[in-house]
Amino acid sequence: VIKTQKRIDAICGFVHSTVIADIGTDHGYVPQKLFRDGKINFAYATDISDKCLDKARVNLKDYSSRTKFLCGDGLKVLLDDNLAQKNANLVPKQIIIAGIGAREIKRILAQDSDKVFKNFVLQPQKNVVELRIFLSKNKFKIVKDVLVKDGKMFYNIIVAERSDSTQKLSKMDKLFGKTNIACPTQDFVDYVNFEKDKCQKILHIKSVPSVETKLLLLNKIEFGGKNV
Ligand SMILES: C[S@@+](CC[C@H](N)C(=O)[O-])C[C@H]1O[C@@H](n2cnc3c(N)ncnc32)[C@H](O)[C@@H]1O
């Protein structure tokens, strides 16, 4: 049983290419689901740890002829894999980087200095605001930015693509995610209420300026014209 199935399902829901690369695949749950659902023909399953990759090798054994396992750092391992000599059908069209901190994701994205890869599904484990700012500064367009609640945890999933222009994000987009602000889901409403509650509990005990500011911003979020 996968602990965070809803998170995995949500990530897979944003995959529309038949050849993908899952960077930091660990158990290989993302490509496993994509193969099972018949959404992909070929996957690159990569990890910096060979031990982690072994778990993916087991979970993806039914698809081993259609999976290339690569042990190495981020996108570098893919770029080093003679992509230029590959049949175009075997070049990954979507890159998934999930369950890794935003700072590491930023470092991994920066490895692709020639902008070989265009489409990404990112699920930063923390520091999501930093990732949004990085994407905006580096000419990535955020296509979707949604929050998913799985058990007691909240996960941000960002679908991004390279663009010729710089996408302007509002302060609220940077803090909470553009899709969440534009079309809030029940999971996002739950998140806002959860965060408000946390702030109020702290402010009940003592006055903390940063928490007061955060609560003010949370109170600005509107759902269907009404504040929650
Ligand atoms: C918490 S797991 C997430 C697994 C999977 N992506 C998911 O979302 O369920 C993080 C994995 O990323 C791998 N990892 C961390 N930094 C990496 C890097 N720079 N390049 C490749 N893999 C990395 C770790 O070894 C680990 O297996």
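Since every read-out is calculated from the coordinates, none of them should be taken as a lab result. Please read these numbers as outputs of a predicted model, since none were measured by experiment. Note that we place each Cβ from the backbone using ideal geometry, even for glycine, and neighbour counts take in every protein chain shown.
Restricting region 144-228 to trypsin sites (Lys or Arg not before Pro) that sit in a DSSP loop and have at most 13 other Cβ atoms within 10 Å of their own Cβ leaves 152, 168, 206. Comparing 30, 128, 189 in a Gaussian network model of the chain (Cα springs below 10 Å), the most mobile by mean-square fluctuation is 189. Among rounded, prolate and oblate, which fits region 28-162 when a ≥ b ≥ c are the square roots of the eigenvalues of its C-alpha gyration tensor, a/c under 1.5 means rounded, and a/b larger than b/c means prolate? In terms of gyration-tensor shape, oblate.
Panel order for 190, 47, by other beta carbons found within 10 Å of each beta carbon, from fewest to most: 190, 47.
Taking amide H positions as modeled 1.01 Å from N, with prolines and chain starts lacking one, the residues under 5 Å from residue 143 and 5 or more places away or on another chain are 159, 160, 161.
Taking amide H as placed 1.01 Å from N in the peptide plane, residue 98 has its amide H under 5 Å from the amide H of 23, 123, each at least 5 places away in sequence or on another chain. Applying a DSSP loop filter and a limit of 13 other Cβ atoms within 10 Å to the trypsin sites (Lys or Arg not before Pro) in region 19-91 leaves 86.
Across the chain, the mean sequence separation of Cα contacts (distance under 8 Å, 6 or more residues apart), normalised by length, yields a relative contact order of 15 percent. Using the Karplus relation 6.51 cos²θ - 1.76 cosθ + 1.60 with θ = phi - 60°, the per-residue 3J(HN,Hα) values for region 167-178 come to 7, 8, 10, 6, 4, 5, 4, 5, 7, 10, x, 5 Hz, with x marking Gly and Pro.
Neighbour counts of other Cβ atoms within 10 Å put 172, 153 in the fewest-to-most order 153, 172.
Within 9 Å, Cβ to Cβ, of residue 118, how many net charges do the neighbouring residues add up to if Lys/Arg are +1 and Asp/Glu are -1? Walk me through the numbers before you get to the answer.
Working: positive: 93, 115, 162; negative: 161.
Residues close to residue 118 contribute a combined charge of +2.
In percent, rounded to a whole number, the relative contact order of region 1-111 is 30, using alpha-carbon pairs under 8 Å and six or more apart.
Cα convex hull, the chain: 137 Å³ per residue, rounded to a whole number.
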